[in-house]
Structures are given as C-alpha cells and as structure tokens.
1. Considering only residues that are surrounded by fewer than 16 Cβ atoms within 10 Å (Cβ to Cβ) and in a loop (DSSP other than H, G, I, E, B), which ones fall in segment 108-152?
2. Could you tell me whether Asp162 is of a type in the set (D, E, K, R), over 22 Å from Tyr42 (Cβ atoms), surrounded by fewer than 16 Cβ atoms within 10 Å (Cβ to Cβ) and within 17 Å of the chain's Cα centre (by Cα)?
3. Is it the case, given these coordinates, that Ala94 is out of contact with any Leu (no Cβ under 9 Å at 6 or more places or on another chain), buried (at least 19 other Cβ atoms within 10 Å of the Cβ) and under 17 Å from Ile11 (Cα atoms)?
4. Out of curiosity, is Arg67 assigned to a loop (DSSP other than H, G, I, E, B), surrounded by 16 or more Cβ atoms within 10 Å (Cβ to Cβ) and of a type in the set (Lys, Arg)?
5. Would you pick out the residues in segment 4-47 that are touching a residue at least 40 places away in the same chain (Cβ under 8 Å) and touching a His at 6+ places or on another chain (Cβ under 8 Å)?
6. For segment 170-188, how many residues meet the condition of being touching a residue at least 24 places away in the same chain (Cβ under 8 Å), more than 20 Å from Gln56 (Cα to Cα) and over 12 Å from the mean Cα position of the chain (by Cα)?
Amino acid sequence: MAYEGVKYQTIIEDDTIPSGVRIDELRKWCRIFHEKNLAPFYPGGTYGNMSFRVQQGENIFIITAARTSFAEELPPEAFFTVSGVDLEKAIVYASGEKNREPSSETMLHYAIFRERPDVMAILHGHCRAITQNAEKTGIVTTGEFVEPGTTKVVDSILEVLDNHNFIEIKDHGFLSLGKSIDEAGLLAIEMLEKV
C-alpha cells in the first residue's frame, strides 16, 4: 500500500486553525491508533485519518490533515475545519493551514456525516488483522476494492452503511463510527481484539 495523495480540489476559505478540547481528544486517539498499529506509519505520514462533527445537526467537521504522522504529537496545523463538500465536482471547502490539505478521505467523512446524523466521530485506520478477518468475523465489508480517496469509495461505503458503526473497506482499511470520539475509538479496539 502506498499513499497516493489527495484526489480532490481544496478551496481554503480562510486560514483559521481549529482548536478546542475535542482536538486534544482526537490527538489522544491518533496516538493510540499509532501505538496499536491501527494506523501504520509510512514515510511522511500515517495510513489513517480522524474527524468529529462540530455540532449536532450540522455537517461541519474537523478532520486531520493529509500526510499527518500519528507517531508524533500533532501540531495545531494538522487539523482542518471542513464546511462543505461538492461530491459531484470533488471539491472540499475548508479552513486551516494554506500550505496543507485536509485528509485524502475527507469526501468519505462528509458523506457519512450527511447520511448518519447520529454519528459524531469517524476514525479511519488500516489494520492487516482486521482486513484479513473481517468477513469471517461478521464485519460488514464493501463489495469490491475501489481506489481510495475517490467518489467511488464514497459510493461503496454508502451502499453498506445503513446503521453499521464498523465497516471494512474491501482490501483497504476500516471505519469506526461513534456518538463520540471515545466511542468510535473503543469500538476499533474492541474489533481489533475480536479478530
């Protein structure tokens, strides 16, 4: 697996960097995912990304930046506020560091938040044990491998999303959803222990 970069256009609306206690919570889970190898390191970053909805009833969310390493303490500029996404045109509207981009899976996070008002946090990781054992342990899995970071991966998730809170993206990685960041993180650990 090699990181292929962002496949959408980013429009940075302003350079305001998000802050707050929930970002510290996201940092904590980035560290845990790194320690448990749920988001492996690659030169220049980590295979994984995390987000949380800013406010119930809105699709504005904070997400980790592309090419972010969970192996280190994430600096403030490692986070973006995403205010909107045009899935048809593959455009992401965000606020944050002008020399960086939101995660390559930002469109996927947006689509899940839009479809599932109950979800407040999404943690995406890559774990060989989960990927290899997903189907035999009953984890909901998308139909076939599709290129990460594209609207095709968004469509494949929406096909199986329903009310499932843990989904394996076929031959790619997993999504853990929750009503809080902690709930999503603990679910990922539970699934790791299960497989």
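1. Pro117, Asp118, Gly138, Gly143, Glu144, Phe145, Glu147
2. no
3. It is true that Ala94 is out of contact with any Leu (no Cβ under 9 Å at 6 or more places or on another chain), buried (at least 19 other Cβ atoms within 10 Å of the Cβ) and under 17 Å from Ile11 (Cα atoms).
4. yes
5. Leu38, Ala39, Pro40, Tyr47
6. Counting residues in segment 170-188 that are touching a residue at least 24 places away in the same chain (Cβ under 8 Å), more than 20 Å from Gln56 (Cα to Cα) and over 12 Å from the mean Cα position of the chain (by Cα) gives 4.
Just so you know, all these numbers are worked out from the coordinates, no wet-lab data involved. Here the structure is a predicted model, which is why all the values come from computation and not from measurement. Cβ coordinates were reconstructed from backbone atoms using ideal geometry, including for glycine residues, and neighbour counts include every protein chain displayed.
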